[in-house]
Amino acid sequence: MLKILIKPKDIEKNSPCLDNPHCIVVRNVNKSFGKNHVLKDINLEIPNGHIYGLLGPSGCGKTTLVKIIAGILEANSGETYVLGQAMPQLGLMNKIGYMAQSDALYSSLTAGENLEFFGSIYGMSKAEIKRRTEEVMELVNLSADIHKPVQAYSGGMKRRLSLAMAIMHNPPVLVLDEPTVGIDPLLRKSIWEEFHKLAAQGVTLLVTTHVMDEADKCDNLAMMRDGRLIAKGTSQDLQERIGVQSIEEAFIYYGGQQNEN
Ligand SMILES: Nc1ncnc2c1ncn2[C@@H]1O[C@H](COP(=O)(O)OP(=O)(O)O)[C@@H](O)[C@H]1O
Ligand SMILES: [Mg+2]
């Protein structure tokens, strides 16, 4: 029926088409909480297979924006597309791995039980769940803690388990809200190596961070301040454009410019 009702032309007109090189497209998005205008005319295009960093100080609107992209929150105006489909879209939920800023885990269950529960929600078979549980727990260096209840986990361990959960079902899109907070530098390095491997396989990653050294590891960056995107480009571009040698300096410069306008 849908094929008859929706002509290909309409699809083209209404949304970025499926072979669009951009995995995520955000157009003129605004979001307010009561009188607090939190996102102001956000426009963003994220190519397939890229690691895209969203950088900005606490409270600037990063979490709100990634929640809209992941389909958890609705914008007041504007449009958001993931894989060519308008968000929010229930049917896309199994294509997006979302890692929330605050860990959404069942603390009385073990890590393995948490993964099993989420795996079954995503429709994975028992054998697949078992295989992926081993893989993802090894990746986040928690293999020895699979049978521990989550309430016995430290903050950093919970963060790592949340990451394992987001990638459990091999989604083509990952939306990760401050994935490496509280994770030690060595493990952070290996997690970033994994992000690059996933991107090389065609997975698109949107990662928020306020850690400036992580910004250099992203293919593209958007700097955010007070609900606006103030600069976009590669880390190199953003620095060269204004003749500075670090992403911190670039951030201060672009942030300052915005205040002067
Ligand atoms: N559910 C909510 N209700 C009301 N205000 C909110 C809510 N979520 C976020 N905010 C406000 O929106 C602004 C941006 O928050 P957030 O998106 O969490 O920023 P960031 O992730 O960059 O720290 C803040 O002023 C915050 O207080
Ligand atoms: Mg946040």
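Summary of computed values
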quantity: Qualifying residue in segment 62-76 (condition: without any contact (Cβ under 8 Å) to a residue 12 or more places away in the chain and either within 7 Å of ligand 1 (Cβ to nearest atom) or over 24 Å from ILE191 (Cβ atoms) (or both)); calculated: no
quantity: Pairs where the first residue, in segment 224-241, is more than 30 Å from ASN76 (Cβ to Cβ) and modelled with pLDDT under 95 and the second is outside any strand (DSSP E or B) and within 16 Å of ligand 1 (Cβ to nearest atom), C-beta under 6 Å, 6+ apart; calculated: SER235/ALA215
quantity: Unmet criterion (only one of (1) more than 16 Å from ligand 2 (Cβ to nearest atom); (2) in a strand (DSSP E or B); (3) of a type outside the set (D, E, K, R)) for ALA222; calculated: (1)
quantity: Residue within segment 178-190 that is within 16 Å of ligand 1 (Cβ to nearest atom), under 14 Å from the mean Cα position of the chain (by Cα) and polar (S, T, N, Q) present; calculated: yes
quantity: Pick from segment 23-48, criterion within 16 Å of ligand 2 (Cβ to nearest atom) and of a type outside the set (A, V, I, L, M, F, W, C), ranking: nearest to GLY84 (Cα to Cα); calculated: LYS31
quantity: Given (1) of a type outside the set (Val, Ile, Thr); (2) out of contact with any strand residue (DSSP E or B) (no Cβ under 7 Å at 6 or more places or on another chain); (3) surrounded by fewer than 14 Cβ atoms within 10 Å (Cβ to Cβ); (4) on the phi > 0 side of the Ramachandran plot, number of the condition ALA127 does not satisfy; calculated: (4)
quantity: Any hit, segment 15-31, residues being in contact with a helix residue (DSSP H, G or I) (Cβ under 6 Å, 6 or more places away or on another chain), within 20 Å of PHE195 (Cα to Cα) and within 12 Å of ligand 1 (Cβ to nearest atom); calculated: no
quantity: Test for TYR81: is it crowded, with 19+ Cβ neighbours inside 10 Å, in contact with a helix residue (DSSP H, G or I) (Cβ under 7 Å, 6 or more places away or on another chain) and closer than 30 Å to GLY227 by Cα; calculated: no
quantity: Residue count, segment 132-151 (criterion: within 24 Å of the chain's Cα centre (by Cα) and assigned to a helix (DSSP H, G or I)); calculated: 9
quantity: Members of segment 39-66 found to be out of contact with any Lys or Arg (no Cβ under 9 Å at 6 or more places or on another chain) and surrounded by fewer than 16 Cβ atoms within 10 Å (Cβ to Cβ), listed by number; calculated: PRO47, SER58, GLY59
quantity: Selected residue [under 23 Å from TYR254 (Cβ atoms), among the β-branched types (Val, Ile, Thr) and buried (at least 18 other Cβ atoms within 10 Å of the Cβ)] from ILE69, ILE96; calculated: ILE69
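Each row is one residue, and each column tells you yes or no for (1) modelled with pLDDT of 95 or more; (2) buried (at least 23 other Cβ atoms within 10 Å of the Cβ); (3) touching a Lys or Arg at 6+ places or on another chain (Cβ under 8 Å).
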site	(1), (2), (3)
PRO172	yes, no, yes
LEU187	no, no, yes
LYS197	no, no, no
LEU206	yes, yes, no
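The values are calculated or read from the model by the stated rules, or taken from the named source; none is laboratory data. Since the structure is predicted, the reported quantities are computational estimates derived from the model, not experimental observations. Positions of Cβ are backbone-derived with ideal geometry, glycine not excepted, and every protein chain shown enters the neighbour counts.
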